[in-house]
Structure formats: structure tokens, C-alpha cells
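Heads up: the structure comes next, in C-alpha cells.
The values are calculated or read from the model by the stated rules, or taken from the named source; none is laboratory data. Note that the coordinates shown come from a computational prediction; the quantities given were computed from them, not determined experimentally. Cβ placement follows ideal geometry from the backbone for every residue including glycine, while neighbour counts extend to all protein chains displayed.
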Amino acid sequence: MSWFQADPVPSLQAISLCGPRSLSVIDIGGGASRLAGALVDQRRQDVTVLDISQRALTLARVRLGADGHQVAWIAEDITRWQPHRQWDIWHDRAVFHFLTEKQDRQAYLQALHSAVPKAGHVILASFALEGPETCSGLPVRRYAPEGLQAELREGFELRHSWEESHATPAGNMQAFTWCLFQRV
């Protein structure tokens, strides 16, 4: 996992820009990430993690121990998922850039549009334009903030964007673009 972070500081910083801890959060592609545990540690009451891998979700839930029941775990492919509710914050640290086929991006965006209410927030982190062209042997799309804005289409305003140099477990540096959008 080239994106692993022991302490999900960039994600926590981005989420903190959205408002109070009472806001609900869905972490897209969260898998075995430590973000859900960090959000529970912040005493957030409404945390959901969606990932294609049931195994990764199980690892995260087990790692949380008794706190694992405080998180809703959804094992689904984001390109086939139909949201059953809405969340105040949609967080995606590096799923969207793996969607290289137009129909997959459209399905992802359909789920996003259904799951994020008016005034809700969308956090998207993807490889920056100078980032790698592949990850774990898979092709990826690279984005500048304007590119992510264009993908979301109308109805979302860019509130903040920044670059991050992420050090992989192997010590390689990867350039990421982070964007925080708000639905208007």
C-alpha cells in the first residue's frame, strides 16, 4: 500500500476545515486506513468507511477493538454503490484517481452527488500533475484543482486546495493535490 500513513494528519486537517465535529463523515476507500480510528478518538459520532475490500474493513474494525462498533462499515465497489443516506463530509484520499474509465468516474460522481447534501463538503486528494502515472502497477489520472473542479461539474465550489508530498513506506515521494469543495 503506497499510500499508507500511520497518522492521517492531512486527512484530519482537511476534515477540520469543514466545521464542527458533529458533522457526519464518509471515508471513501478507507479500507485499513487509520482515519476512522482517529475520527472516533476525536469523539465524532457519525463515521462511515466504504471500501471494496471486506478484508481491509475487517482489519480496521478489529484494530479499533471495542470502538469498532462506533463506525459503519460498507463493503462495496464505489462505482456500483447506491448511497442509502447523505453525509456532511465526503472524504476520498486517492480512490478517484484510480478511476481511469469515464463510466467509472461518472458512476462515482453519481454516488457522490446523491450522498452529499447542499452545504456538504467534498475532500478529494489525488496525484498531482507531477505525480506518478501509475500506482501499484495500475494507471492513474493526475489532477490540478481545476481538473477536479471540472470533474465535479456545477454545484460545487472550491474552498481550499493545497499540495502534499507524501512519503511512501518505501521512501518514495508522491505529489498529491488536495481539494476541499462545498456543495452550493
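Would you check if residue 164 is part of a strand (DSSP E or B) and surrounded by 14 or more Cβ atoms within 10 Å (Cβ to Cβ)? Quick ask: steps written out before the conclusion?
Numbers: part of a strand (DSSP E or B): yes; surrounded by 14 or more Cβ atoms within 10 Å (Cβ to Cβ): yes.
It is true that residue 164 is part of a strand (DSSP E or B) and surrounded by 14 or more Cβ atoms within 10 Å (Cβ to Cβ).
Taking the stated definitions as given, is residue 71 of a type in the set (A, V, I, L, M) and closer than 22 Å to residue 151 by Cα?
Working: of a type in the set (A, V, I, L, M): yes; closer than 22 Å to residue 151 by Cα: no.
No: the conditions fail for residue 71.
What number goes with the only condition from (1) at pLDDT 95 or above; (2) under 21 Å from residue 114 (Cα atoms); (3) under 16 Å from the mean Cα position of the chain (by Cα) that residue 84 does not pass?
(3)
Residue pairs, Cβ under 8 Å, 6 or more apart or interchain, first in the range 137-154 and over 22 Å from residue 174 (Cβ atoms), second outside any strand (DSSP E or B) and among the hydrophobic types (A, V, I, L, M, F, W, C). List them.
Listed by first residue and then by second, the contacts come to 152/109; 152/112; 153/109.
Among residues belonging to the range 112-128 that are crowded, with 21+ Cβ neighbours inside 10 Å and part of a helix (DSSP H, G or I), point out the one that is farthest from the chain's Cα centre (by Cα).
For the range 112-128, the residue satisfying everything is 115.
Pick out the one residue from 124, 129 that is in contact (Cβ under 8 Å) with a residue 40 or more places away in the chain and in contact with a Gly (Cβ under 9 Å, 6 or more places away or on another chain). Break it down stepwise before answering.
Numbers: 124 fails: in contact with a Gly (Cβ under 9 Å, 6 or more places away or on another chain).
Answer to the check: 129.
Among 131, 137, 65, which is the only one that is loosely packed, with under 12 Cβ neighbours inside 10 Å, over 20 Å from residue 15 (Cβ atoms) and at pLDDT below 95?
Working: 131 fails: loosely packed, with under 12 Cβ neighbours inside 10 Å; 65 fails: at pLDDT below 95.
Just one listed residue meets the conditions, 137.
Is one or more of the residues making up the range 62-80 of a type in the set (Lys, Arg), in a loop (DSSP other than H, G, I, E, B), without any contact (Cβ under 8 Å) to a residue 40 or more places away in the chain and over 18 Å from residue 111 (Cβ atoms)?
Here is the first cut: in the range 62-80, the residues of a type in the set (Lys, Arg) are 63, 80.
Then keep just the ones that are in a loop (DSSP other than H, G, I, E, B); that gives 80.
Filter once more, keeping what is without any contact (Cβ under 8 Å) to a residue 40 or more places away in the chain: 80.
Filter once more, so that each one left must be over 18 Å from residue 111 (Cβ atoms): none.
No, the range 62-80 contains no residue that is of a type in the set (Lys, Arg), in a loop (DSSP other than H, G, I, E, B), without any contact (Cβ under 8 Å) to a residue 40 or more places away in the chain and over 18 Å from residue 111 (Cβ atoms).
When you go through 33, 22 one by one, which is the residue that is outside any helix (DSSP H, G or I) and in contact with a helix residue (DSSP H, G or I) (Cβ under 8 Å, 6 or more places away or on another chain)?
Details: 22 fails: in contact with a helix residue (DSSP H, G or I) (Cβ under 8 Å, 6 or more places away or on another chain).
Answer to the selection: 33.
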